[in-house]
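The values are calculated or read from the model by the stated rules, or taken from the named source; none is laboratory data. Values in this document were obtained by computation on a predicted structure and should not be read as measured data. Cβ coordinates were reconstructed from backbone atoms using ideal geometry, including for glycine residues, and neighbour counts include every protein chain displayed. Areas reflect the complete protein model, heavy atoms only, side chains present, ligands, DNA and RNA absent. Shrake-Rupley method; radii C 1.70, N 1.55, O 1.52, S 1.80 Å.
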Amino acid sequence: MENKARLHVLDTSVLVHDPEALNNYPGGHVAIPLFVVMELDDLKTSPRHEVATPARIASRKIVELQQYGSLNNPKGVTNPHNGTTVYIIGGESFSSLKDSASSRKMDLLILGSALELQKRFENFRVVMVSRDVNLRILADSQGLGTDAYELDRVQESDIPRGWATYDGDPSDLLVEGFTFTGKNLAPNEFLRCEDHIVRMKKDKLSPVAKTFRNTGITPRNTEQRMAMDLLMDPSVNLVTLLGISGTGKTISALGAALAQLDKTYDRIILSKPVVAMGKDLGYLPGDQGEKLAPWMLSFQDNLDQLISTDNDNQGRKGSKEKTWEQLFHAKKMEMQPLHSIRGRSISRAFIIVDEVQNISPHEVKTVVSRAAMGTKVVLCGDPDQIDDSYLDKFTNGLVHAATASYGSPIAGTVTLTEGVRSPLAELAATRF
């Protein structure tokens with residue numbers, strides 16, 4: 001059986017997780033049960049944009065196959081660009097379609113379609129591909145092959161740390177023309193030895209400063225110094241900061257943004273995915289700002305530390321506003337919901353997106369592609385704290401962005417490991 005060619009049956013969970021999944025089997029054979037198409041149609045109107053958007057994209061990918069032939073063709077439709085043959089299966093009888101609409105039998109109907117497919121194509125080994133472990137168990141119990149969809153999974157060894165360690169004399173790093181023989185450093189990768197740090201910048205090693213003026217940030221360790229070096233460099237348009245909570249990712253990004261406001265950038269844009277941890281509070285009343293307020297508190301906590309809130313000392317006696325609130329009212333700082341960023345072209349802005357581990361690679365691509373000339377994008381997150389049920393440590397948008405951008409002269413990554421918030425916060429982040 002193992003010598004047979006595989007025919008991969010993709011369920012709804014795969015296409016919602018990765019709407020490009022159809023293109024990830026070049027030269028292979030892929031089947032989409034009609035019941036999956038029906039589920040995608042239902043999900044297109046989901047209030048959860050992180051589900052609705054990929055459902056719409058996956059539906060479009062299936063419709064695009066019609067230009068190469070009829071989806072009713074029993075021999076399938078072959079995409080000439082990648083050689084993949086796609087079959088739309090199931091729903092042979094109207095009664096089965098009716099049953100699927102009247103009760104929650106979709107998983108069994110999808111499984112039934114795969115079993116019928118095995119009878120129809122005895123020369124193939126039919127494999128049920130799903131992110132749903134229970135559906136894979138059911139498929140295996142019926143004699144079908146099963147796969148957990150992992151084609152978009154980043155290998156742990158491929159996730160860049162952003163820096164290498166030099167074991168020699170620290171003073172070597174200060175010698176002009178010094179080259180590191182341990183490995184080839186990528187553009188914007190750092191080399192550290194004790195408290196000496198250099199960065200590969202324009203084909204040569206450049207020293208990293210210990211202090212950064214006007215940021216309100218005093219780096220507490222070498223990792224924060226490396227992060228600030230990238231954040232304060234306008235030639236680095238994309239910065240990804242990975243690390244456990246409490247390592248200073250968000251406050252470093254905000255400090256760098258404020259220091260460059262009205263000099264290099266015209267405004268600061270703050271965003272993060274609206275993903276609840278555990279049970280949420282349901283729909284919140286108010287305008288966009290009021291609805292986003294609970295999710296934006298992490299930014300506000302950091303702004304309180306960076307910007308004086310003593311209005312008397314700022315010459316604003318009698319004002320009830322915090323200083324950073326006035327930045328919002330002056331349109332120098334704004335909150336941007338991720339679901340409404342599509343279609344925008346954002347120039348001369350410093351964009352900070354927090355909790356990026358909770359958005360998909362497709363959503364990250366959408367965010368970064370909104371950057372026009374003069375815009376910097378900073379992506380922050382902890383790959384070990386995933387609140388989205390469709391993502392994990394190696395499939396989320398943060399690790400994809402860090403891995404895909406590694407080696408670009410306009411991108412840089414730093415992985416931060418030292419907690420600085422408090423001993424208790426570090427205990428929770430590393431041991432709980």
_Among the residues in the range 363-385, are any within 30 Å of Ser46 (Cβ to Cβ), crowded, with 18+ Cβ neighbours inside 10 Å, at pLDDT below 90 and not aromatic (Phe, Trp, Tyr)?_
yes
*Taking the condition over 10 Å from the mean Cα position of the chain (by Cα) and either over 26 Å from Ser235 (Cα atoms) or at pLDDT 95 or above (or both), does Val420 pass?*
yes
*Of all residues in the range 225-237, count the ones that are among the polar types (S, T, N, Q) and surrounded by 23 or more Cβ atoms within 10 Å (Cβ to Cβ).*
0
*Do we have Glu325 as open to solvent by 50 Å² or more (accessible area, probe 1.4 Å), modelled with pLDDT under 90 and under 25 Å from Leu185 (Cα atoms) here?*
no
*Would you please name the residue that is surrounded by the most Cβ atoms within 10 Å (Cβ to Cβ), looking only at residues in the range 65-88 that are modelled with pLDDT of 90 or more and hydrophobic (A, V, I, L, M, F, W, C)?*
Val86
*Would you list the strands (runs of 3 or more DSSP E) that sit entirely within the range 151-215 and hold 1 or more residues that are farther than 30 Å from Glu20 by Cβ, charged (D, E, K, R) and open to solvent by 100 Å² or more (accessible area, probe 1.4 Å)?*
204-207
*For the range 1-50, what are the residues that are in contact (Cβ under 8 Å) with a residue 60 or more places away in the chain and of a type in the set (Val, Ile, Thr)?*
Val9, Thr12, Val14, Val16, Val36
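Every residue, every condition in (1) in contact with a strand residue (DSSP E or B) (Cβ under 6 Å, 6 or more places away or on another chain); (2) under 30 Å from Thr403 (Cα atoms), yes or no:
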| residue | (1), (2) |
| --- | --- |
| Arg125 | yes, no |
| Leu144 | yes, no |
| Glu156 | no, yes |
| Arg161 | yes, yes |
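Do you know which residues across the range 332-346 are out of contact with any Leu (no Cβ under 9 Å at 6 or more places or on another chain) and either open to solvent by less than 60 Å² (accessible area, probe 1.4 Å) or among the acidic types (Asp, Glu) (or both)? Reasoning before the result, please.
Quick first cut of the range 332-346, residues out of contact with any Leu (no Cβ under 9 Å at 6 or more places or on another chain) only: 338-346.
Hits for the range 332-346 are Leu338, Ser340, Ile341, Ile346.
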_Residues being surrounded by 24 or more Cβ atoms within 10 Å (Cβ to Cβ) and at pLDDT 95 or above - total across the range 238-248_ = 4
*State yes or no: is His17 out of contact with any strand residue (DSSP E or B) (no Cβ under 6 Å at 6 or more places or on another chain), surrounded by 13 or more Cβ atoms within 10 Å (Cβ to Cβ) and over 23 Å from Glu122 (Cβ atoms)?*
yes
*List every residue pair whose Cβ atoms lie under 7 Å apart, where the two residues are 6 or more positions apart in sequence or sit on different chains, the first residue falls within the range 115-138 and is farther than 11 Å from Val9 by Cα, and the second residue, located anywhere, is part of a helix (DSSP H, G or I) and modelled with pLDDT under 90.*
Arg131/His17; Leu135/Asp107; Leu135/Leu111; Leu138/Leu111
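Working only within the range 114-127, note down all residues that are surrounded by fewer than 24 Cβ atoms within 10 Å (Cβ to Cβ) and either assigned to a helix (DSSP H, G or I) or of a type in the set (Lys, Arg) (or both).
So the first thing to find is which residues in the range 114-127 are surrounded by fewer than 24 Cβ atoms within 10 Å (Cβ to Cβ), and the list is 115-125, 127.
Scanning the range 114-127 gives Leu115, Glu116, Leu117, Gln118, Lys119, Arg120, Arg125.
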*asked:* Anything in the range 54-90 that is in contact with a helix residue (DSSP H, G or I) (Cβ under 9 Å, 6 or more places away or on another chain) and β-branched (Val, Ile, Thr)? List them, or say none.
replied: Ile57, Ile62, Val77, Thr78, Thr84, Val86, Ile88, Ile89
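One line per residue, one yes/no per condition, for (1) among the aromatic types (Phe, Trp, Tyr); (2) touching a Ser or Thr at 6+ places or on another chain (Cβ under 6 Å); (3) without any contact (Cβ under 8 Å) to a residue 40 or more places away in the chain:
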| residue | (1), (2), (3) |
| --- | --- |
| Tyr166 | yes, no, yes |
| Phe178 | yes, no, yes |
| Leu185 | no, no, yes |
| Asn188 | no, no, no |
| Cys193 | no, no, yes |
| Lys210 | no, no, yes |
| Asn221 | no, no, no |
*Return a yes/no flag: does the range 39-46 have any residue that is at pLDDT 90 or above, in a helix (DSSP H, G or I) and surrounded by fewer than 18 Cβ atoms within 10 Å (Cβ to Cβ).*
yes
*Residue list for the range 128-146, filter: surrounded by 12 or more Cβ atoms within 10 Å (Cβ to Cβ) and small (Gly, Ala, Ser)*: Ser130, Ala139, Gly145
